[in-house]
Amino acid sequence: MNADLERIVALQKLVSAAHDAERALAAEPERAKALDARLEAVRQRVAAAKERLTENQNARRVVEKDVAVHQGRLSKFREQAMAVKTNQEYHAVQKEIAFAQGEIKTIEDKILELMVEADDLTATVKRAEAELASEQKAVEADRRGMATELAAMKSSLERIAVERAEVVRALDPHALAVFELVLRRRNGVGVAQARDGICTVCHVRLRPQVFNTVLRNDQIIQCDSCQRILYYVPAAAPATSDSVSQPTQ
C-alpha cells in the first residue's frame, strides 16, 4: 500500500478512536446522574414505606385513645347501674353499657387490623432498607468502574494524540490537507473502504477504472460521490486443512 495512503487509513482509525473516547467522556455526567437517580429511587421507596408505617402507628394511637374514652364511659355506666332505683333507669343504663361495649369491640378489632398491617409494613421497611443497602453497594461498584473507565479513556486520548502527531508529521502535507478537508465535511470520516466496486460508506458504485486503480492501493483516490479517500483490503487467503501452508499463486 502507498505509504501516505496507509498513514491516512491509520490516521482515520486514530481519529475515530479519539472521537469514541471523547463521546464516552462527554456521557460521563449523564451516567453519574443515572446512578444517582437509581439510588434516589430506592431511597424514596424506603421513605415511603417508613411514612406508611408512621401513619399506621399514628392511627393506632388515635384509636387507642378512643378505646380509653369508651372504657371510661363504660366504667361510669357500671357505677350508675349500681345506683339506679327503677327498672326504667336500669334498662337505660344497660343500653348505654351495651353500646359502649360494642364500640370498644369495634375499636379493638380496628386496633388488631392496624397491628397486623403494622407487621406487614415493618417487613416492607426492612426489605426496602435491605434493597437500599444492596443498591448502594452496586452503585459504588459502578462508580468505581466508571472512574477506572474514565482514567483509561483519558490515557487512551493522550496516547492517541501522540500517535496522531507522529502520523501527521510523516504524511505528505497535500495528502493531509485533502484528508482533513474531507474529514470536516463528512462528519469525521475521511476514508472509505472500496469493496465489490462500491464505496462502503456512501454505497455509490465506483466507475470501473476508478475501482481498478483503488485495487492497487498505490495512490490517493477519492470517491466521486462522497469525496472520501478510498482504499482496498484484499480478501484473506482461504484456510487449508493441510498442516503445512501452501504458497499463494
Legend entry - the chain: calculated mean residue ellipticity at 222 nm from DSSP helix runs of at least 4, using -39500 (n - 2.57): -28000 deg cm²/dmol
Legend entry - Note, ³J(HN,Hα) from phi for the range 194-204, Karplus 6.51, -1.76, 1.60, rounded to Hz, x at Gly and Pro: 9, 9, 6, x, 10, 6, 6, 9, 8, 6, 9
Inset, instruction - Mind jotting down the distance between the C-alpha centroids of the range 100-171 and the range 199-218, whole Å? - result: 53
Inset, instruction - Averaging sequence separations of C-alpha pairs under 8 Å and six or more residues apart, then dividing by the length of the range 1-153, give the relative contact order as a whole percent. - result: 38
Legend entry - Under 5 Å, built H, 5+ apart or other chain: amide partners of I198: L206
Legend entry - More than 18 Å apart - percent of Cα-Cα pairs taken over the range 173-231: 26
Inset, instruction - Mind listing the long-range amide H neighbours of R228? Cut-off is under 5 Å, sequence gap 5 or more, other chains count too, H placed in the peptide plane at 1.01 Å from N. - result: C223
Legend entry - Reachable aspartates and glutamates, given that their alpha-carbon falls under 13 Å from the alpha-carbon of K95 and they are not under 8 places away in the same chain: E103
Legend entry - Acute angle (nearest 10 degrees) that the helix 87-170 long axis makes with the longest principal axis of the chain, alpha-carbon atoms: 10
Legend entry - Nearest-ten-degree value, helix 173-185 long axis tilted from longest Cα axis of the chain: 30
Inset, instruction - Return the FRET efficiency for the residue pair A26, E113: r is the Cβ-Cβ distance, R0 is 51 Å, and the value is rounded to the nearest 0.05. - result: 0.40
Inset, instruction - Give me the percent of DSSP beta bridges within the chain that run antiparallel, rounded to the nearest 5. - result: 60
Legend entry - Span from the the range 1-38 Cα centroid across to the the range 68-83 one, whole angstrom: 84
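Measure up K33/K126; K13/K33; K76/K105; K50/K105 against 24 Å on the Cα-Cα distance and list the ones that go over.
Details: K33/K126 26 Å; K13/K33 31 Å; K76/K105 17 Å; K50/K105 29 Å.
Cα-Cα > 24 Å for K33/K126; K13/K33; K50/K105; rest within.
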Inset, instruction - Quick one: plug the Kirkwood hydrodynamic radius of the chain (C-alpha pairs) into Stokes-Einstein at 20 °C, 1.002 mPa s, and report D in µm²/s. - result: 80
Inset, instruction - Kindly provide the pair-distance distribution of the range 26-158 built from C-alpha pairs, with 10 Å bins from 0 and whole-percent values in order of increasing distance. - result: 11, 22, 16, 14, 12, 9, 7, 5, 3, 1, 0
Legend entry - Residue with peak Gaussian network fluctuation, the chain [Cα springs, cutoff 10 Å], from D142, D20, D119: D119
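Quick note: the coordinates plus some simple rules give every number you see, no bench work behind them. The structure displayed is predicted, hence computed values, not measured ones. No Cβ is skipped: glycine too gets one built from the backbone with ideal geometry, and neighbour counts run over all protein chains shown.
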